[in-house]
Amino acid sequence: MYQSFIGLEVHIHLLTKTKVFCGCRSAFGDEPNTNVCPVCMGYPGVLPSLNIEAMRMGCMVARALNCRIPEKTWFERKQYFYPDMPKNYQISQFASPLGQEGWVELEGKTKNSGGEEIPIKKKVRIKECHLEEDAGKMIHTGTVSLLDYNRAGVSLLEIVTEPDMETGEEAELFIQQLRRTVRYLGVCDGNMEEGSLRADANVSINFEGKGLGKKVEIKNLNSSRFVKLSLNYEIARQGVMLDTGREVIQETRLWNENRDETAPMRTKENAQDYRYFPEPDLPVFTPDAAFLKSVEDSLVELPQARQKRLETGYGISPEQSGLICEEKSQADYFETAVAEAEKRGSGRKNAAQKIANWLLQDIKHILVREGIGLDDLALNPRRLAVLVSLAASGSISGKNAKQTLEAVIAENREPEEIIRERGWERLSDPAQIAEALDTVFTAESKTVAELRELAAAEENRGIVKRRQTLRAYLVGKVIAATGGRADPAIAGEQLSRKLV
C-alpha cells in the first residue's frame, strides 16, 4: 500500500498598480513590451526600489494563512538564465521570507472521478510566503519564439506548502480555498486563465511509513481542475512504476490537457543551485508597528469563517452559505439585503431564506443571461429587501413579484412604483374576486359539477386528493382571471361558499 505526498507552490499576481521594483504599469493585456523600463529590463547601473504596497499585500496574505511575519525580511538574487529573465537573475526571497510557518484548515466537499462526493477536513502547513518579481512571457509560434516583457517585474507572491496533502482532490480544494481568500482580501483577481494565479505541484509516493519518495514536479497548472487531474494521474503512474519494479525518476513534467496525462519536460537529478546571495541594492526591510497595524487593519473576515457564521446566524443551509460566500461582493449584498428586510419587519431567518433563494436562483439566472455582475445590477440590496417583504406579506403574488424583479432590473426603478403603476398589488376586494369566480364557474362548468359530485361522495384517499386538485385548479383560474392579483385565501373561501 502506497502513501502519497503532495506539496504546492502557488504563485499569485498582486494587484499593485505598478511593478514590484520599478514604476512601470502592472496590467494584463496591454500591447507587448509597452510597460517596460531600464529597471525591469535589467539595464546596467539601474537601481530597484521596493513597492511598499506589494509588501503590505504579501503580508496580508501571510497573516490570512496564519504565518508569522519576521522582525526582518530581505531580498536575494536567484541566479539563473532564461530568455524571459532579462537580468539573468530574479530578485526573490530565500533566507527570511515575509511569511513563515503558517497553516490552513481545508474543509469542504469535492467529487472523485466517479462522481462520488468526498468530505475533506485536514490541516495543511504553509512553509512560507515570499515576494519576488515575475518573469516575462514567451510566445512560441512556429519556429519562432517571441518575448513580451510587460510581465517582467510584476509583483508575485509565492505560497509554498509542506507536503501534507495526499490526493488531487485535496490539492484542488486548497487552490479553490486560496483563490477565494486572496479575492476576499482584494490582493489578487485569482484569474487562472490569465495566469494571475498559477500552481506547480510536487508529488511523490512511497510505502506507508517510509517517508517521502522521489519527487516529481508538475509545472504551470492554470486551473484547479488540472491540479486535481494531473496529481491523480501522476500518483497512479508512479504506483504502476513501483508495482513493476521500476524506479521513479526525479523530474519535471507538464500536464497535457488534450491527452489527460503528464509528459516529461526535463530531468532533475539534484536540487538546482541558484547561488542565492543578498540583493545589494535593496536594504533589509524591518516592519514597524505602523506597517503591521496597516496589515492587520486591512484583513477581512475570510470566506470559511463567514460561511459558518451565515449558517448559524441566518439559518441557511451549508450549500446556500457556500454559494453565497463564493464572492465577497455577493456575501456583502446578501447581508445588506437581510438587514434591510429586518428594518421592514421581517424576521431575520425567514428573510434570509427567501433572499438566499432569490439571489441563488432568479437573480443568478438574470446575471448569467445578461452577462453582467452583481455590482452592475439595478436591483440593489434595499430594492430586493422591499420586493421580498412585499411578497412575504402577501401584498404581491409570487408571479407578479418575479415580473417586478425583471422590471426593476430593466428599468432601474423602485419596486413599489412599478407595482402601483401596473396594478400588480394583491387584490383583496371580495366583490371583484366574486365577479372573477362567477366567470370561472361559467367557463369551467364541468369541473364545478365534478367537484360538487365529489363533495357528496364517500370519503377515501383518492376522492380527497382529486377534490384538492380540482379546488386548486379553480382557485388558480380565479387568480389568472384577475391578472395574478387575487388573494388565494379569499378566493378559496368564496369558492367553498359558492359550492354549497
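The values are calculated or read from the model by the stated rules, or taken from the named source; none is laboratory data. Bear in mind that the values here come from a model prediction, so they are computed numbers and not experimental data. Here the Cβ is made from the backbone with ideal geometry for all residues, glycine too, and neighbour counts use every protein chain on show.
Considering Ser145, Ser204, which residue is part of a strand (DSSP E or B), modelled with pLDDT under 95 and in the same structural domain as Gly239 (by TED's automatic domain parsing)?
Ser145
Please state which one of Gly213, Gly209 is buried (at least 19 other Cβ atoms within 10 Å of the Cβ) and in contact (Cβ under 8 Å) with a residue 40 or more places away in the chain.
Step by step, each of Gly213, Gly209 is checked, and only Gly213 is buried (at least 19 other Cβ atoms within 10 Å of the Cβ) and in contact (Cβ under 8 Å) with a residue 40 or more places away in the chain.
Conditions tested, residue by residue: (1) part of a loop (DSSP other than H, G, I, E, B); (2) more than 24 Å from the chain's Cα centre (by Cα); (3) at pLDDT below 90.
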{"position": "Ile91", "(1), (2), (3)": "no, yes, no"}
{"position": "Ala95", "(1), (2), (3)": "yes, yes, no"}
{"position": "Trp103", "(1), (2), (3)": "no, no, no"}
{"position": "Leu106", "(1), (2), (3)": "no, no, no"}
{"position": "Gly114", "(1), (2), (3)": "yes, no, yes"}
{"position": "Pro119", "(1), (2), (3)": "no, no, yes"}
{"position": "Lys123", "(1), (2), (3)": "no, no, no"}
{"position": "Glu128", "(1), (2), (3)": "no, no, no"}
{"position": "Ala135", "(1), (2), (3)": "yes, yes, no"}
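Given the criterion modelled with pLDDT of 95 or more and out of contact with any His (no Cβ under 6 Å at 6 or more places or on another chain), identify the matching residue among Asp288, Asp260, Asp243.
Working: Asp260 fails: modelled with pLDDT of 95 or more; Asp243 fails: modelled with pLDDT of 95 or more.
So the residue among Asp288, Asp260, Asp243 that is modelled with pLDDT of 95 or more and out of contact with any His (no Cβ under 6 Å at 6 or more places or on another chain) is Asp288.
Taking interchain pairs and intrachain pairs at least six residues apart, which have beta carbon atoms under 7 angstrom, with the first residue in segment 7-24 and modelled with pLDDT of 95 or more and surrounded by fewer than 21 Cβ atoms within 10 Å (Cβ to Cβ) and the second of a type in the set (Asp, Glu) and not in a loop (DSSP other than H, G, I, E, B)?
Close Cβ pairs satisfying both conditions: Glu9/Glu158; Glu9/Asp200; His11/Glu158; Thr16/Glu53.
Hey, among Phe174, Phe226, which residue is surrounded by fewer than 23 Cβ atoms within 10 Å (Cβ to Cβ), assigned to a helix (DSSP H, G or I) and either of a type in the set (Phe, Trp, Tyr) or in the same structural domain as Phe81 (by TED's automatic domain parsing) (or both)?
Result: Phe226 is the single residue among Phe174, Phe226 that is surrounded by fewer than 23 Cβ atoms within 10 Å (Cβ to Cβ), assigned to a helix (DSSP H, G or I) and either of a type in the set (Phe, Trp, Tyr) or in the same structural domain as Phe81 (by TED's automatic domain parsing) (or both).
With in a loop (DSSP other than H, G, I, E, B) and out of contact with any strand residue (DSSP E or B) (no Cβ under 6 Å at 6 or more places or on another chain) as the only criterion, which of Ile355, Ile366, Ile372 stands out?
Going through Ile355, Ile366, Ile372 in turn, just one is in a loop (DSSP other than H, G, I, E, B) and out of contact with any strand residue (DSSP E or B) (no Cβ under 6 Å at 6 or more places or on another chain): Ile372.
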